[in-house]
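Written below as structure tokens is the structure these notes are about.
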Amino acid sequence: MGKVALFAVVFYDVKRYSGGGSTGQRKGRKMKRFALKGHICYSTHPDRLEIRENSYLLCEEGECRGVVKELPQGWKEAEVKDYGTCLIIPGLTDLHMHAPQYGFCGMGMDMELLQWLEHQVFPEEAKYADLEYAEKGYRIFAENLKKGATTRACIFSSLHVPATELLMEKLEETGLKVMVGKVNMDRNSPDILREESAEASEAATRQWLKDIEGKFKRVQPILTPRFIPSCTDELMERLSHLQQETGLPVQSHLSENLGEIAWVKELCPWSSCYGDAYDHFRMFGTEQCKTIMAHCVYSDDQEMELMKKRGVWIAHCPLSNENLASGIAPVREFLNRGLNVGLGSDVSGGNTDSIFRVMADAVQASKMYWRLIDQTKKPLTLEEVFYMATKGGGSFFGNVGSFEEGYELDAVVLDDRALKTPMDLTVRQRLERICYLSDDRQIAAKYVAGEEIRLV
Ligand code: GUN
Ligand code: FE
């Protein structure tokens, strides 16, 4: 018997409570309600982890209606899924990953960014011109993402339109809510992975958006200029017009590597900083242009101020920054300044798609930053990285990543009984251990916007 099936028999106690009280009504129809029972952990602020033991997480029409010790009147008829001593946490958000790089996850790690792009990344991404290859690669990617603790993700595809559409189809089937971007790149890459012109890149992007219009319920498009060195000024200008026309969000890379930053200065001598090279084309935050920038390892005072002013989300990717010897991002400073920060695996600069592992790594990297770079920047805590992995990154999707009322109900149920210890652990200790051990096999159930995902 499969693990989940066995679990259902011996452990879950799914009851239909039949006590009195009215069921809720909205616009004359019954609202879909259920409750999850267990030890519930969630963030409200970067330094605040709420732990509610033996409590109910109320869900109505896909939204959270609070965490309570006793079922309130009106909820007695709701289905209760009793997960016993399991932990229930918000689904994790991966703010930055590359689906066509998943095939070489854990390989090619002995290079720096620009050499790695040329020798490892571009030749592999070029293979996604072949739909048969894309079918294999994206099936594996989607299946694995579904099984992990991630419920939301912002994902780069390749520049190929048919493969990007295939990736969106595969992800739609998982039940996860994600954003996917067809990559734009019209310079500084080999012929096999470069669009013919800015005009051709724009046309392909418009074709992609037309093809997918109204097709997906859970998967959304996001504009994806790869990074400044890959996009001519003309392409950036064209994408900027498309962005203003459509209001679509944007994702890209920023200040990841010193060689890359020097190159951007050469390519855009008019820019006052790397961030300004995006801002110049009006694709750097703002209410009308929600933007994620991955890495920001070398963002200085001026760049951080601009990100703050524009409301850019930072995808902090510590594993990738270590593997590519990029550096350590000043995350404590991001938090001090009140910037939007989430976590990214950067598969496959990062060598895993486990956001638990990225959480542990964010703490570890921050300790090295404090020890070796700046002793006024104290290391991150479990509370802070848990916040970034849930509410911090989730906020890019709206009210996502917490169990406060009105949040979309993304939840992950964690059964850590297989992680044996003779110690008697508190719930916080169990959560800390799950993050540091980063073992996704503990996932017993997963919900996205109130819908249960079938894990097998
Ligand atoms: N900068 C431009 N492209 C990439 C990429 O694929 N991965 C990373 N980490 N940085 C990039
Ligand atoms: Fe990346």
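The values are calculated or read from the model by the stated rules, or taken from the named source; none is laboratory data. Quick caveat, the model's predicted, so the values are computed rather than measured. Using ideal geometry, Cβ is built from the backbone for each residue, glycine included, and neighbour counts are taken over all protein chains shown.
Within region 98-117, residues that are under 20 Å from LEU258 (Cβ atoms) have Cβ atoms under 6 Å from residues that are more than 14 Å from ligand 2 (Cβ to nearest atom) in these pairs: GLU112/ALA325; LEU114/GLY259, counting only partners at least 6 apart in sequence or on another chain. The set of residues in region 320-367 that are out of contact with any Pro (no Cβ under 9 Å at 6 or more places or on another chain) and basic (Lys, Arg) comprises ARG337, ARG357. For LEU71, state whether it is touching a Gly at 6+ places or on another chain (Cβ under 6 Å) and aliphatic (A, V, I, L, M). Judged against the criteria, LEU71 is not a match.
Residues in region 378-395 that are touching a helix residue (DSSP H, G or I) at 6+ places or on another chain (Cβ under 8 Å) and either farther than 25 Å from THR291 by Cβ or in a helix (DSSP H, G or I) (or both): LYS378, PRO379, THR381, LEU382, GLU384, VAL385, PHE386, MET388, ALA389. Kindly provide the set of residues from region 156-184 that are in contact (Cβ under 8 Å) with a residue 60 or more places away in the chain and under 18 Å from the mean Cα position of the chain (by Cα), ordered by number. Within region 156-184, PHE156, SER157, LEU167, THR174, GLY175, LEU176, LYS177, MET179, VAL180, GLY181 meet the criteria.
The conditions of being within 16 Å of ligand 2 (Cβ to nearest atom), touching a Gly at 6+ places or on another chain (Cβ under 9 Å) and of a type in the set (Ser, Thr, Tyr) are not met by SER189. Annotation: of all residues in region 327-353 being more than 13 Å from ligand 1 (Cβ to nearest atom), within 30 Å of TYR138 (Cα to Cα) and not in a loop (DSSP other than H, G, I, E, B), the one that is farthest from the chain's Cα centre (by Cα) is ASN340. Only residues that are of a type in the set (Gly, Ala, Ser) and in contact (Cβ under 8 Å) with a residue 24 or more places away in the chain were counted across region 257-277, and they come to 4.
Which one is surrounded by the most Cβ atoms within 10 Å (Cβ to Cβ), of the residues in region 304-326 that are more than 16 Å from ligand 1 (Cβ to nearest atom) and over 20 Å from PRO249 (Cβ atoms)?
MET304
Counting residues in region 308-322 that are hydroxyl-bearing (Ser, Thr, Tyr) and either out of contact with any helix residue (DSSP H, G or I) (no Cβ under 7 Å at 6 or more places or on another chain) or over 20 Å from TYR274 (Cα atoms) (or both) gives one or more. Can you confirm whether ARG282 is part of a helix (DSSP H, G or I) and either in contact (Cβ under 8 Å) with a residue 40 or more places away in the chain or more than 28 Å from GLN101 (Cα to Cα) (or both)? For ARG282, the condition - part of a helix (DSSP H, G or I) and either in contact (Cβ under 8 Å) with a residue 40 or more places away in the chain or more than 28 Å from GLN101 (Cα to Cα) (or both) - is not met.
Of the residues GLU305, GLU287, which is over 15 Å from PRO225 (Cα atoms), more than 17 Å from the chain's Cα centre (by Cα), more than 14 Å from ligand 2 (Cβ to nearest atom) and modelled with pLDDT under 95?
GLU287
Scanning region 277-334 for residues that are among the basic types (Lys, Arg), out of contact with any Phe, Trp or Tyr (no Cβ under 6 Å at 6 or more places or on another chain) and more than 28 Å from ARG357 (Cβ to Cβ) gives ARG282, LYS308, LYS309.
Going by the conditions given, is GLU432 of a type in the set (Asp, Glu) and more than 21 Å from TYR83 (Cα to Cα)? Taking the combined requirement at face value, the residue does not satisfy it.
Looking across region 132-178, the residues that are among the aliphatic types (A, V, I, L, M) and under 20 Å from ALA203 (Cα atoms) come down to LEU159, VAL161, ALA163, LEU166, LEU167, MET168.
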